[in-house]
Amino acid sequence: MGIYAWEKVEFDLEKQFTLVPGVFQNRPVTEFNIQEYVSDLIAKYMSQNTSPWHIAIIPTLENHHYILLRLHHILLNESLNIGDLLPLIPPTRLNSGFFTSRSPLVNVFRKPKFIPLLQEHLADDLSNHWNEFLSNYDPLERIELLKKYLTFPQFLAVAIITFIAIIKEFRRGLKVIKTDFFSRYKFLTCVIHRETRKRDITISNLLRSVVVSFDPRNILRDYLKIMWSLFYLVISLPNMLFSELSALYLCIFQGYCSYPNTFVGIFYTYIPLIYNALKEIVYILKTFFYAPKNIFSQILCQKEYLQTVTLSGRKCVAWSEPIKTKNLKDISNALKVHELEILLNGISVNLSKYLNQVNHTIPEEIAISLRHINSNYIFASGTNVRPEDSCAGILFMELPILNEERGDTLLDNLVKVKRNLCESSDKQQVSYLLSILQTKFGVFTKILPTTFLAVYLRYLSRKFAVSVTEVSSRYPNVTQRTLWGQEVESAIYWRPPQANISISLCLNEYADHVKLGVMCDARLVPNHALLARNFSIHVEEMKQAIPVVK
């Protein structure tokens, strides 16, 4: 953490855009050695005195090639998107609706639904009554009120309208006047004078309204109005009763009410809204009440399951074979679990294989961090696209590790994964929300010391040495094309591990498949390939392990 700045250097196309040799270690580049080649390219630092991004074109013997984009993450904070540097044609929008991901990592903190709905109904009703009130008592709407003496109730109504008008005009003018106290006081005085003069609000008119109210003629007129209202109420009572009964019938037997102005209609609208809004308020209060305890137990006091090594700073990568999203959905429907839980179970198996290979004790669980981003983070381009808007919050989880020596099975481990993910989602709503606020608005970097944040980040990254990023596609089953017209068969995004994190895993959904991308410290070479190897096979094994009901 700290302050970054880039020197303005002369742009050199040959340094930023490179066609690398199609030979690696005296062998032509094929699908069998492409991962080693890409790791070798990534392990090298980018050229100095250039902007911190680089595109490499890797030719192969097959009828396709690879495009490798390396980009410093700080550039994404400078109105630049990954998609701005990718030579790709944006995908055609299939629908204009709002995209909502089904991932359990999205909307962990449930947004209130009924509280805004209740506010909307109350605002509409209040607005309607206020407009009716204005049409009856505002002198600007009814000019005749300025031509006669008002009674005290009428004067009071005009005074209320004037008070509200003063508040509205003052708030509107705050955006254009100076912020010092004298300027605001002077502006408020001018607004009060203008609004009271328009509606003729004076002390003399107040005293006159009191006198007018006690005029015998006005008292008699008010008495006759009351008597007429009572008489009208009596003769309209049968019609009102019929409307109430009709509304009650529709509410009970039809499930809707076409008489919104009846008491039954009002109760039918507001009682469910108030009840559900109160439930949401209780949920929010309960969540924030237990938040300190859950953050302390779920995050700060998490055990360190892995023995981390001194990191070299250089990175290596690997990736898995593709997994068809259709197969994932079939397994998900058969086992009643989410697709992410299936993929996490596959990651658990690969971590177990890796730990066994390096002679590390296989723990029951490994603490990981989870985050969801959608494909707009990678492919979207333009000045109106903010990368942080495509990111969800961070969730911390204890990932159960499959240990065949203990007799663990894939399905048993899948049940544990589902349970732990649900527990993390239930207990980490507040920390999830805070991570979103930090990502989108930089709340903590603005109010907390940089040194404290750096220490805290290293503390967390030591406990959660493995990070998992889920990249969901906004355009399932849709492939993109390069600017020169070739179809992009697959796309892999690697999120560099930060601080003490040594393994960064990305579940990349593109077109009709998912690939696991692995990026870790170069100290883990050559065993890092085990983190991606046979990943698709382990997922397929879960499909074969589905019990068959005869």
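The values are calculated or read from the model by the stated rules, or taken from the named source; none is laboratory data. Bear in mind that the values here come from a model prediction, so they are computed numbers and not experimental data. A quick note on method: Cβ atoms are made from the backbone with ideal geometry, for glycine too, and the neighbour counts reach across all protein chains shown.
Residues checked against (1) hydrophobic (A, V, I, L, M, F, W, C); (2) part of a helix (DSSP H, G or I):
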residue	(1), (2)
S127	no, yes
N131	no, yes
L140	yes, no
F155	yes, yes
T162	no, yes
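Under the condition of being of a type in the set (D, E, K, R) and in contact with a Ser or Thr (Cβ under 7 Å, 6 or more places away or on another chain), which residue from region 329-386 is farthest from S425 (Cα to Cα)?
Selected residue: E339.
Quick one: which of I271, I295 is within 29 Å of K113 (Cβ to Cβ), aliphatic (A, V, I, L, M), at pLDDT below 90 and within 26 Å of the chain's Cα centre (by Cα)?
Details: I271 fails: within 26 Å of the chain's Cα centre (by Cα).
After applying the criteria, what remains is I295.
Name the single residue, out of those in region 464-493 being surrounded by fewer than 17 Cβ atoms within 10 Å (Cβ to Cβ) and among the polar types (S, T, N, Q), that is farthest from the chain's Cα centre (by Cα).
This residue is Q486.
Within region 378-416, can you find the residues that are under 23 Å from the mean Cα position of the chain (by Cα) and part of a helix (DSSP H, G or I)?
Looking only at region 378-416, we keep the residues that are under 23 Å from the mean Cα position of the chain (by Cα), and these are 378-398.
The answer is I378, F379, P387, E388, D389, S390.
When the residues of region 429-463 are narrowed to those that are under 22 Å from Y377 (Cβ atoms) and polar (S, T, N, Q), which ends up surrounded by the most Cβ atoms within 10 Å (Cβ to Cβ)?
S435
Mind checking which residues of region 139-163 are surrounded by fewer than 19 Cβ atoms within 10 Å (Cβ to Cβ) and either in contact (Cβ under 8 Å) with a residue 60 or more places away in the chain or not assigned by TED's automatic domain parsing to the domain that holds V212 (or both)?
Scanning region 139-163 gives Y149, F152, P153.
Among the residues of region 505-542 satisfying the criterion of being among the small types (G, A, S) and farther than 25 Å from L411 by Cα, which is surrounded by the most Cβ atoms within 10 Å (Cβ to Cβ)?
If we filter region 505-542 for residues that are among the small types (G, A, S), which is where we start, we get 511, 517, 522, 529, 532, 536.
Those still in the list that are farther than 25 Å from L411 by Cα too: 511, 522.
Values: A511: 19, A522: 15.
Of everything passing the filter in region 505-542, A511 is surrounded by the most Cβ atoms within 10 Å (Cβ to Cβ).
Among the residues that make up region 358-377, is at least one of them in a helix (DSSP H, G or I), out of contact with any helix residue (DSSP H, G or I) (no Cβ under 6 Å at 6 or more places or on another chain) and touching a residue at least 40 places away in the same chain (Cβ under 8 Å)? Lay out the reasoning, then the answer.
First, pick out the residues of region 358-377 that are in a helix (DSSP H, G or I): 376-377.
Among the residues that remain, those that are also out of contact with any helix residue (DSSP H, G or I) (no Cβ under 6 Å at 6 or more places or on another chain) are: none.
No; the residues of region 358-377 include none that is in a helix (DSSP H, G or I), out of contact with any helix residue (DSSP H, G or I) (no Cβ under 6 Å at 6 or more places or on another chain) and touching a residue at least 40 places away in the same chain (Cβ under 8 Å).
What tally of residues in region 349-390 results from selecting those that are over 29 Å from S473 (Cα atoms) and touching a Phe, Trp or Tyr at 6+ places or on another chain (Cβ under 6 Å)?
The total comes to 1.
Restricting attention to helices (runs of 4 or more DSSP H) lying wholly within region 1-94, give those where 3 or more residues are in contact with a strand residue (DSSP E or B) (Cβ under 7 Å, 6 or more places away or on another chain) and either in the same structural domain as Y475 (by TED's automatic domain parsing) or at pLDDT 90 or above (or both). Please lay out each step first, then the result.
Working: elements: 13-16, 34-43, 82-85.
Hits in region 1-94: 34-43.
Identify the residue in region 416-428 that is touching a residue at least 40 places away in the same chain (Cβ under 8 Å) and over 17 Å from N107 (Cβ atoms) and, among all such residues, is surrounded by the fewest Cβ atoms within 10 Å (Cβ to Cβ).
N420
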